[in-house]
Every structure is written in structure tokens, then in C-alpha cells.
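Read-outs: derived from the displayed coordinates by stated rules, not from any lab. Nothing here was measured: the structure is a model prediction, and the numbers come from that model. We place every Cβ from the backbone using ideal geometry, glycine too, and count neighbours over all the protein chains shown.
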């Protein structure tokens, strides 16, 4: 039986895929692999290798496009026009889609990365550019975006391009009462205790409230849960979350 939430993980964000890396260690426990497309990390070979591993474990292949910002790992906002955002998103997802075909696989969805992911929540040109870029390749590709704040605006913009949205929550991030993520620069914004992370993941999966930064209960309605596998402890937590969410 499938768990109540799918688990997605950012992968291929390195120059080489190695046996002790997250691609090998996390893949058996996730359902969706968000694969870096070369603009913030990764390269042609890492994309091919990560796609192959995803196929091996029957994991959905997702494009993880970003701003062209390898120096800052895609975490620096850029003031670009809708047309420019559309172009950079299309380039990246088209590249990953072509590489997936090499392995006889197909791209299943798109999840923007870093600053691009957050900017589309607030900036209309960025939001429309991302959605236009995805739709330029295929209107059948869902876009994975943040659950909580801005849901109605995101759905309205996506509808202009005939796109479906999937909403994701974070197992290891604290939320404000209005559904925004607490900024990483603030103390306590990222949960590090495995028990807390598992408890938050379980609550979100069951539609139960979590406690916001302000101390108020908040329910995050999501289709998928973002997890991280960048070290052995994180992978162990993914494994525990998978076990906790599987009926």
C-alpha cells in the first residue's frame, strides 16, 4: 500500500554520483526524485546516473530547475522577465526530459529549486514564467509548489497554462501561522531532531495540526513531503518517516 503522502527528495546536486551519496542511499525510501538540471548543480552525467537509479527503484523522475547560479547553489534571487524565466525553465526541463528518454524513462513533474521556488510565490513575472516554461514542454507535467500560503494565487496562475499543481510540505522546517516557512536565517527554522521531524511528518500526513512559530496550531494540506538525504542521519530519518507513513 502507498503511504498517505509521497516523499520527494532533491538529488543529483553534485559533480559525481557515488555509492555513499544520497542518490544511492535515499532512493529506496522515496517516491519522487527532484533531479538538478545543471543550472545550480549537477551535469549531464549526474542527471543520467540519477535517472537510472530512479528507474531501478521505481521512483518518479522530476526536473529541479533553478536560476543559473552555480556559485550560490541557486539560492540568489534574480530579477528576470517572464520570458527569461520561461526560457531558463524550458531549457532545463527539456534537457532532463531528453536524457530520461535515453533510459526509456519519462519526466513526471517539475519542482523549481531554491530562490526560483520561493520567488514564484511572490513575484508574478517569475510565477508565470515558470508555469509558461513547463507548459511549453507539456501541460501534463504537474508543478510541485509550497503548500500553505498563496495556494489560490498559485492555482489561478497555473490554470492560465492548463497546468496541475501538487503541493508539498517540509518535514524539517518550521511554519508561521499564515503558512509561510520560517526563514532559514532565523534560529530554530530547521528541525534537526529526528523525533521532531518524524512527528511533524506524521501530523501533516494525517491532516493534524502542527505548532507554528507563533505557537498557534496550523494544518498543512499537502500531496507530498520534502525530505533530505544529504547525510547518513538524514537518510535514517527518511527511512523512519517512510515506515511511519506506510499503512
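Here is how the numbers come out for the structure above:
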{"quantity": "Residue in the stretch 235-244 that is part of a loop (DSSP other than H, G, I, E, B) and in contact with a strand residue (DSSP E or B) (Cβ under 7 Å, 6 or more places away or on another chain) present", "calculated": "no"}
{"quantity": "Among the residues listed as 215, 207, 229, the single one being farther than 20 Å from residue 187 by Cα, assigned to a loop (DSSP other than H, G, I, E, B) and without any contact (Cβ under 8 Å) to a residue 60 or more places away in the chain", "calculated": "207"}
{"quantity": "Residue count, the stretch 159-188 (criterion: free of Cβ contacts under 8 Å to residues at least 12 places away in the same chain, in contact with a strand residue (DSSP E or B) (Cβ under 7 Å, 6 or more places away or on another chain) and more than 21 Å from residue 225 (Cβ to Cβ))", "calculated": "0"}
{"quantity": "Verdict on residue 220 being under 21 Å from residue 122 (Cβ atoms), crowded, with 18+ Cβ neighbours inside 10 Å, in contact (Cβ under 8 Å) with a residue 40 or more places away in the chain and touching a strand residue (DSSP E or B) at 6+ places or on another chain (Cβ under 9 Å)", "calculated": "yes"}
{"quantity": "Count of the stretch 14-26 residues which are within 21 Å of residue 233 (Cβ to Cβ), surrounded by fewer than 22 Cβ atoms within 10 Å (Cβ to Cβ) and touching a residue at least 12 places away in the same chain (Cβ under 8 Å)", "calculated": "4"}
{"quantity": "Single residue of the stretch 223-234 satisfying the filter (over 12 Å from residue 5 (Cα atoms) and touching a strand residue (DSSP E or B) at 6+ places or on another chain (Cβ under 7 Å)) that is surrounded by the fewest Cβ atoms within 10 Å (Cβ to Cβ)", "calculated": "228"}
{"quantity": "Among (1) in a helix (DSSP H, G or I); (2) touching a residue at least 24 places away in the same chain (Cβ under 8 Å); (3) more than 19 Å from the chain's Cα centre (by Cα), the one test that residue 156 misses", "calculated": "(2)"}
